[in-house]
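These notes are about the structure you will find just below.
A short reminder: the numbers here are calculations on the coordinates, not readings from a lab. Since the structure is predicted, the reported quantities are computational estimates derived from the model, not experimental observations. All Cβ positions, glycine included, derive from the backbone under ideal geometry; neighbour counts span all protein chains shown.
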Amino acid sequence: MAKKPRLLLLILLAAFAQVHAQNKIDTSARIDALIKKMTLQEKVNMIHSSSSFTSGGVPRLGIPEMVTSDGPHGVRPEHGRDWELDNNSLDSGTYLPVGVCLAATWNPRLGYEYGKVLGSEANYRGKDVILGPGINIIRTPLNGRNFEYQSEDPYLVSKMVVGYIRGVQDQGISACVKHYAANNQEAKRFTVNVEMSERALREIYLPGFKAAVQIGGANTLMSSYNKFRGQWASQNNYLLNQILKKEWGFKGLVMSDWDAVHSTMQALWNGMDLEMGTDLHMLPNPDYTKFFLGDTVVSLVNAGRFPEYLLDDKVRRILYVMYKTKMIDGTRKKGAYNTKAHQQTAHKVAEEGIVLLKNQNNLLPLNKEKTRTIAVIGLNAQRKQSMGGGSSQVRAFYEVTPLEGLQRNGGNIRINYAQGYNIARDAKADASLIRQAVDAASKADVVVYVGGTTHGYNYSVWKDNAYDAEDTDKPNMLLPFGQDELLQAVLKANPKTVVVLMGGGAVDMQQWINQAPAILQAWYPGLEGGNALAKIIFGDINPSGKLPMTFPKQLEDHGSHKLGEYPGDKDTANVHYMDDIYVGYRYYDTYKVEPQFAFGHGLSYTIFQYSNLKVTGSKGKATVSFTIRNNGKVAGAEVAQVYVSQASSALPRPEKELKGFEKVFLRPGEHKTISISLDEDAFKYFNDVKNAWVMEPGIFRIGVGGSSRDIKLKGEVRL
Ligand code: GLC
């Protein structure tokens with residue numbers, strides 16, 4: 001670059017940095033000035049709820065209440081200032097695909113678009129904080145809230161969470177990363193005490209939160225209900241003061257989950273900044289000043305039992321978030337609601353997140369010209385899911401069900417529907433419904449079966465939990481409502497059956513999987529889900545989703561149940577994560593257990609060829625490059641995954657660990673050379689004997705492929 005422009009660029013950069021630094025000084029100076037003006041009572045008013053979803057402001061000083069709203073995949077229907085769901089309000093928004101569907105796209109850029117929709121709609125609805133993303137590690141297939149989360153693998157979580165947070169926060173809204181930490185089951189969620197090694201904590205359960213804070217720049221976190229090593233997560237000195245604030249340098253605020261604080265002094269001293277929630281015994285018309293962080297704090301400070309400067313730190317963090325979200329000054333960009341663009345993003349996430357698990361003899365995609373009749377079987381084909389699941393419920397502006405999607409996108413194909421099964425508590429196989437389904441199947445060219453699990457039984461009833469819902473875990477991995485019997489009968493009546501599974505994760509498929517030629521995992525794919533699913537079935541879209549968690553053949557095979565405790569001691573509150581770092585594929589691959597479908601697995605309608613692996617490395621870093629080519633007849637996207645394993649290490653390590661990936665879109669015949677750099681973090685592990693991350697020199701094996709069990713290229717590097 002010529003001398004002059006470069007000089008100009010340097011001057012501009014310096015000026016920008018100066019302004020940016022000045023802004024920071026301005027903000028913290030202004031925050032300090034505000035705090036100086038506040039009375040003790042006003043400070044205390046800010047550190048607890050002022051209604052079901054707001055926290056206190058200081059009108060006298062122009063400090064507004066902070067308005068929060070669920071949830072991770074859409075703005076929840078209005079609750080006003082109490083818990084009464086406002087069924088009169090016409091508010092209905094963009095119901096995005098659930099978190100696990102977003103993770104299955106393995107597309108961080110889409111994560112940003114997803115967050116952008118959420119932030120824009122929260123902003124439009126007058127919210128300051130959206131209570132998402134939920135990123136707890138998927139440790140067991142039974143966890144009721146897996147649908148809201150992302151993955152069993154911390155690296156995939158840490159890549160997907162960053163885009164989401166930035167997308168939300170670029171709209172001037174704060175994200176709220178939850179639930180910090182180790183909230184990996186809903187069973188006994190209010191009482192369970194999680195015990196795990198420091199290594200499991202550092203290598204598996206914290207990286208997503210660390211990336212959210214240090215790379216995503218999350219403004220707020222929500223602590224979880226459970227205890228961690230004997231101390232409530234909402235008043236946990238190690239998690240909140242030591243790790244989050246001291247080690248990670250977190251500047252924002254930690255709010256509690258609703259009613260998750262249990263003691264005033266522990267919450268005050270151990271890093272809780274904002275107590276949220278309405279203690280249920282205080283309903284109706286709760287007196288918010290009676291919270292643990294309510295007016296009692298005024299008397300504690302006045303009595304010299306809690307130093308005011310520590311109270312000031314909490315207020316400072318809350319004001320910091322208010323400045324970041326332009327609640328005190330500055331103007332936020334306008335929000336938008338139910339726009340076409342938002343709906344298209346939801347569609348995109350669904351089409352890239354639905355996973356083609358099996359496609360024997362290329363039954364899929366269906367040929368619209370040659371297919372005259374399709375029998376659509378299964379109640380999930382026309383079930384609206386958006387209002388289920390618990391606090392993540394969304395009143396969808398509309399919801400295209402799989403049946404509607406097939407009807408809209410099926411051209412002249414005749415579509416007959418048979419309900420197949422009932423959704424009700426303890427519902428069993430229904431002989432007459434099976435007869436109708438078999439009849440429809442036998443008369444059709446092809447069957448599209450839509451089953452799987454569901455959030456609840458009756459969505460108009462809050463907490464009507466069933467399988468994929470808050471506050472409940474699944475009883476097992478079996479398909480409910482007698483679906484195994486139904487599916488066997490349908491497959492017998494018509495072997496050309498496409499099985500579509502809705503839900504938050506793996507189910508036991510052993511009774512019919514060998515007879516099923518094609519299987520799609522559709523998760524809960526949002527308000528455009530039916531269209532995206534149909535377009536995949538008819539080949540208008542080429543699927544590119546990859547499993548963000550291992551699908552076991554049966555629950556007994558799963559590492560956390562084999563090596564660890566779940567749901568924990570029956571006579572104490574403890575659950576010991578003896579599965580340790582061997583979560584998900586880390587267990588299956590190290591202990592040589594065959595899964596039903598591997599972590600990272602997902603098929604396409606085209607074929608990708610990998611070649612030309614080169615691995616170079618020095619000083620603890622490496623570069624992995626390879627060529628990937630679309631050898632088929634249709635355009636498609638492949639998620640090329642890079643796994644690392646250490647040949648020999650002082651402490652045992654998993655057989656392989658995901659340390660890089662890239663989603664590549666290729667036209668037929670097109671090829672690209674991908675280069676993925678691996679920094680030191682890709683090779684380190686946490687040695688909890690030395691209590692430090694260690695990089696041990698030696699040989700590291702590199703595997704590249706389209707899934708953790710489909711490694712196409714192998715190499716190694718000495719570091
Ligand atoms: C719930 C959930 C949390 C939600 C909060 C507010 O109990 O655990 O995810 O954001 O309370 O509804």
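Length gained on full extension, Trp693 to Asp170: 185.0 nm, using 0.36 nm per residue less the C-alpha separation. Exposure proxy for Ile354, Ile377: other Cβ atoms within 10 Å of each Cβ, ordered fewest to most, give Ile354, Ile377.
A simple rule links phi to the HN-Hα coupling: the Karplus curve 6.51 cos²θ - 1.76 cosθ + 1.60 with θ = phi - 60°, which for the range 30-44 gives 5, 5, 4, 5, 4, 4, 4, 7, 7, 7, 4, 4, 5, 5, 5 Hz, with x for Gly and Pro.
Principal semi-axes of the equivalent ellipsoid, √(5λ) from the alpha carbon gyration tensor of the range 224-276, are 16, 12, 9 Å from largest down. Treating each Cα of the range 558-649 as an identical point scatterer and ignoring solvent, apply the Debye formula and state log10 I(q)/I(0) at q = 0.12, 0.22, 0.23 Å⁻¹. The computed values of log10 I(q)/I(0) come out as -0.65, -1.13, -1.16. Comparing Cα centroids, the range 1-53 and the range 161-239 end up 26 angstrom apart. Within the straight-line cut-off of under 13 Å between alpha carbons, the aspartates and glutamates reachable from Lys496 are Asp445, sequence neighbours fewer than 8 places apart in one chain being disregarded.
Residue separation of Arg30 and Leu613 scaled by 0.36 nm, minus their Cα-Cα distance, works out to 204.4 nm of gained length. Taking every DSSP beta bridge that has both ends in the chain, the antiparallel portion is near 55%. In plain terms, the chain from Phe16 to Ala431 could stretch by 142.2 nm, reckoned as 0.36 nm per residue minus the Cα-Cα distance. Kirkwood radius and radius of gyration were both taken over the C-alpha atoms of the chain, and their ratio Rg/Rh is 0.97. Ranked by how many other Cβ atoms sit within 10 Å of their own Cβ, fewest first, the residues Ile204, Ile711 fall in the order Ile711, Ile204. Using only Cα atoms and rounding to the nearest 10 degrees, what angle (0 to 90) does helix 483-493 make with the longest principal axis of the chain? Once rounded, the angle reads 30 degrees. Roughly how far apart, in whole Å, are the Cα centres of the range 416-474 and the range 363-384? Cα centroid of the range 416-474 versus Cα centroid of the range 363-384: 16 Å apart.
Computed from Cα atoms, the angle from the helix 340-353 axis to the main principal axis of the chain rounds to 60 degrees. Excluding same-chain neighbours fewer than eight residues apart, the lysines reachable from Lys384 by a Cα-Cα span under 24 Å are Lys340, Lys348, Lys428, Lys463, Lys474, Lys535. Taken over the range 236-393, the alpha-carbon convex hull comes to 243 cubic angstrom per residue. What separates the Cα centres of the range 136-160 and the range 568-608 is a distance of 11 Å.
The Asn362 and Asp471 beta-carbon pair, evaluated with R₀ = 35 Å, returns a calculated FRET efficiency of approximately 0.25. Within the range 623-719, all pairs of alpha-carbon atoms sorted by distance into 5 Å bins from zero give the percentages 3, 12, 22, 21, 15, 11, 7, 5, 3, 1, 0. Here the residues Val400, Val321, ranked from fewest to most Cβ neighbours within 10 Å of their Cβ, fall in the order Val321, Val400. Coordinate range of the alpha-carbon atoms in the range 470-570 per principal axis, descending: 49, 31, 22 Å. Here the Debye sum runs over all C-alpha atoms of the range 1-107 as equal scatterers in vacuum, and log10 of I(q)/I(0) at q = 0.12, 0.24 Å⁻¹ comes out as -0.79, -1.19.
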